[in-house]
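In what follows, a single structure is set out as structure tokens and then discussed.
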Amino acid sequence: MSIELLGYSERCVSNAISEDIHHSANPRQILGEFLSWFKFSCVHPKLSVEDIMIATILVEHGFSDFCDLDLLALIECHSGRTHSFLIEAK
């Protein structure tokens, strides 16, 4: 699995979590644990940690008038499924 970390952050928590995932010995496991903290409002097949092939994490990415996210995680899986997680930390 490869993870690419793009961006910078003035918000230390978002950046620290991203850096921990990026530099961990087992990023797939840490990313899976991080995503397991969230409760999702939509119904979708549970993301299998073993299925994650590529994860791209963008820190404090702005989408103009839409929003300014703290983290955007783009996940590509071996199964061909893709997932995006828009995360606003509070």
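Details
- Taking every residue in segment 1-21 that is farther than 8 Å from GLU60 by Cβ and outside any strand (DSSP E or B) and pairing it with any residue that is of a type in the set (A, V, I, L, M) and at pLDDT below 70, at least 6 positions away or on another chain, the pairs with Cβ-Cβ distances below 9 Å are SER18/LEU5; GLU19/LEU5; ILE21/LEU5.
- For segment 62-84, the set of residues classified as open to solvent by less than 90 Å² (accessible area, probe 1.4 Å), farther than 17 Å from ALA16 by Cβ and modelled with pLDDT of 85 or more consists of LEU74, ILE75, GLU76, CYS77, SER79, GLY80, HIS83, SER84, listed by residue number.
- Residue that is modelled with the lowest pLDDT [pool: residues in segment 22-61 that are in a loop (DSSP other than H, G, I, E, B) and of a type in the set (Gly, Ala, Ser)]: SER41
The values are calculated or read from the model by the stated rules, or taken from the named source; none is laboratory data. None of these values were measured; they are calculated from a predicted model. Note that we place each Cβ from the backbone using ideal geometry, even for glycine, and neighbour counts take in every protein chain shown. Surface accessibility is based on the protein's heavy atoms, side chains included, excluding ligands, DNA and RNA. Shrake-Rupley method; radii C 1.70, N 1.55, O 1.52, S 1.80 Å.
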